[in-house]
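First the structure, in the form of structure tokens, and then the observations on it.
Derivation of every value follows stated rules applied to the coordinates shown; laboratory data play no part. Everything quoted here is computed from the prediction, not taken from an experiment. FYI the Cβ positions are ideal-geometry reconstructions off the backbone, even for glycines, and counts take in every protein chain you see.
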């Protein structure tokens, strides 16, 4: 469950495929889920997100999830499946655990 309405903490938003800076989103704590370390401007960054328990926890506690799936121009079918289907499935499985707030895609 997220923190909205429970305390003065900002509501968490998990940003998947946060390859560009989300900037400051007023009233929210942004969590960037990315593959490799990068400065993306999120309040919190979790790298190697597909293998990270911290990422699964972030998805489960997020009030909102913004998921921008993979690579439409993947070099081969396996890369396309991994970057689109596999990532979306991982996000969706963990999004099911949030308190019904929302998955934005």
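What to note about this one:
- Residue order, fewest to most beta carbons within 10 Å, for 33, 90: 90, 33
- Projecting label points 7 angstrom from Cα along Cα→Cβ for residue 76 and residue 93 puts them 2.4 nm apart.
- Note on 85, 64, 80: ascending count of other Cβ atoms within 10 Å places them as 85, 80, 64, the fewest first.
- Here 63, 43 are placed in order of increasing Cβ neighbour count within 10 Å, fewest first, which gives 43, 63.
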